[in-house]
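Worksheet for the structure shown next.
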Amino acid sequence: MRRLPVLVALIWVCSVFYVGIFLFVGGFLLVRLEVNRTSTCADVLSPGAQVKGDFCLSEPRFRRAVVLIIDALKADFTRYDPENTAPKPFENKLPVLDEMASSHPSHARLYTFRADPPTTTMQRIKGFTTGSLPTFIDVGNNFASNAILEDNLVHQLGQVGKRVVFMGDDTWVSLFPKKFHRSLPFPSFNVKDLHTVDNGILQNIYPTMEGDDWDVLIAHFLGVDHCGHRFGPDHPAMAEKLSQMDGVIRSVIKRLKNDTLLVVMGDHGMTDTGDHGGESQKETDAALFLYSSSPLFPAPGSQVEPEVVPQTDLVPTLALLLGVPIPYSSVGQVLLPLFPQNGSRGALTGLSQAEALWINVKQVNRFLETYSNMAKDIPPDSLSQLRADFSNISSQYLAAVHKGHLPSSELVVSMQNYLTAVRETCRASWARFSPFKMAAGLLILGVACVLCYVLSELSQVVIQEGLLKLPILSGLVV
Ligand SMILES: [Zn+2]
């Protein structure tokens, strides 16, 4: 009859281990629940969007887009300082971005593009295609493969018949199996190899752009990231790589047509030793460059513009500029300078700022309602505040539309504030390491190990003397 106490003791030790692991995972391996729903064209409309007919069939602002991802393109690499007479290898080597942004302000912008941790490439690709805040463990993910099951831009573009052509880092092909119209993956596993992926892209990108067999072209370069891992940023090889990228961007710009948006971006930054993964600003701050050969941005100084763009914000912005619904789980916010203030730039320029924000607010609210029904990690207080904000915005917006008025600038600000609040709430739940939980988890795991050792050393004595109740009782008290 001594089996029962032994079993209870084992279960108790196991549960102490689980508590320790649970706490550690909660603090370090950020966890999030996935919502496997997809947005539809009909979702975008009701209620109250001022878009006639089918949203997905109306003329979008851009018919095509070229997205160049330069892995680990840190914000610092793209700043140009003409007064710097002795630049380091990673300084002043990519002047094209700053040059275009300052000499063609209505065509180009250069922003700091802030990623959320973890700053690892796979999580970042997931982040800037779904608009969410992917963690190390996304519960509900397909464990058998890396395929992204959450709603994402590649899926939405495919749904409306856009031909997405991919070339570069082969990680994408495992994330989006069978989703591309055409793909040219190159091996990414050898971090010492600075050229295979980039040269593969360079052999194919210009003929592809000149052909007509694509609508969205994604090219993911790896050389800068690999150079960081191998040599660090402060090395002549980095100067060579960045100068090569400068040339690539110039050649792509020359081939752009008026109906095409160019996006050049880094997925994350790097530390002074060329590493990344954590949450330091050197690792999170990449660059985002947007360019169109037709005028796109307001005159400088005429609107408040962000200096730092959160990485999540690219997803809703690209979705609405290309005329597809915002992916279901996105918590991003449309980048307002890319939308006309009151639709005054002609009928074909797509949505105004207020319309884009309203579509965005409805989509984020829809996601928040679905998510909070599935998971309980968003604090109830924040949730009820966000619900109240949404219903306020909703009644004000619909009242304005009903009366035929333009939504007021206060309402535009409220919509922005609502979207920022949702994103921050989600970020606090999913994308922040918790050193306290990590330490508590480690401590409990340590105690459990010691207990195991003591129990195994004393097993004979404990069982014979009937002392098993002691640790069990003390465990129950703890
Ligand atoms: Zn890397």
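The values are calculated or read from the model by the stated rules, or taken from the named source; none is laboratory data. Here the structure is a predicted model, which means the values were calculated and not measured. Cβ atoms come from the backbone with ideal geometry, glycine included; neighbour counts cover every protein chain shown.
Values computed for the structure shown
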quantity: One residue from 445, 451, 411 being in a helix (DSSP H, G or I), surrounded by 13 or more Cβ atoms within 10 Å (Cβ to Cβ), in the same structural domain as residue 368 (by TED's automatic domain parsing) and modelled with pLDDT of 75 or more; calculated: 411
quantity: Residues being surrounded by fewer than 15 Cβ atoms within 10 Å (Cβ to Cβ) and modelled with pLDDT under 90 - total across region 414-432; calculated: 2
quantity: Matching entry among 279, 305 (being more than 16 Å from the ligand (Cβ to nearest atom), over 30 Å from residue 40 (Cβ atoms), among the acidic types (Asp, Glu) and assigned to a loop (DSSP other than H, G, I, E, B)); calculated: 305
quantity: Entirely in region 166-270, the strands (runs of 3 or more DSSP E) that have 1 or more residues that are in contact (Cβ under 8 Å) with a residue 40 or more places away in the chain, touching a strand residue (DSSP E or B) at 6+ places or on another chain (Cβ under 6 Å) and farther than 23 Å from residue 87 by Cβ; calculated: 216-221, 260-265
quantity: Some residue of region 139-149 being assigned to a helix (DSSP H, G or I) and modelled with pLDDT of 85 or more; calculated: no
quantity: Region 64-79 - residue that is modelled with pLDDT of 95 or more and part of a loop (DSSP other than H, G, I, E, B) and, of those, farthest from the ligand (Cβ to nearest atom); calculated: 73
quantity: Among the residues listed as 332, 274, the single one being assigned to a loop (DSSP other than H, G, I, E, B) and over 18 Å from the mean Cα position of the chain (by Cα); calculated: 274
quantity: Condition check for residue 312: away from the ligand (no atom under 16 Å from the Cβ) and surrounded by 14 or more Cβ atoms within 10 Å (Cβ to Cβ); calculated: yes
quantity: All positions within region 149-165 that are in contact with a strand residue (DSSP E or B) (Cβ under 7 Å, 6 or more places away or on another chain) and not aliphatic (A, V, I, L, M); calculated: 158, 162
quantity: Sole residue being in a helix (DSSP H, G or I), of a type outside the set (Val, Ile, Thr) and closer than 30 Å to residue 162 by Cα, chosen from 296, 314; calculated: 314
quantity: For residue 241: the one exception among (1) more than 15 Å from the ligand (Cβ to nearest atom); (2) surrounded by 15 or more Cβ atoms within 10 Å (Cβ to Cβ); (3) at pLDDT 95 or above; calculated: (1)
quantity: Filter result for the condition that a residue is out of contact with any strand residue (DSSP E or B) (no Cβ under 6 Å at 6 or more places or on another chain) and within 15 Å of residue 61 (Cα to Cα), over 327, 337; calculated: 337
quantity: Some residue of region 98-107 being touching a helix residue (DSSP H, G or I) at 6+ places or on another chain (Cβ under 6 Å), outside any helix (DSSP H, G or I) and assigned by TED's automatic domain parsing to the domain that holds residue 351; calculated: no
quantity: Answer residue from region 195-228, given it is away from the ligand (no atom under 16 Å from the Cβ) and aliphatic (A, V, I, L, M) and is surrounded by the fewest Cβ atoms within 10 Å (Cβ to Cβ) among those; calculated: 202
quantity: Residue selected from region 252-276 under the condition surrounded by 21 or more Cβ atoms within 10 Å (Cβ to Cβ) and not hydrophobic (A, V, I, L, M, F, W, C), by the criterion farthest from the ligand (Cβ to nearest atom); calculated: 260
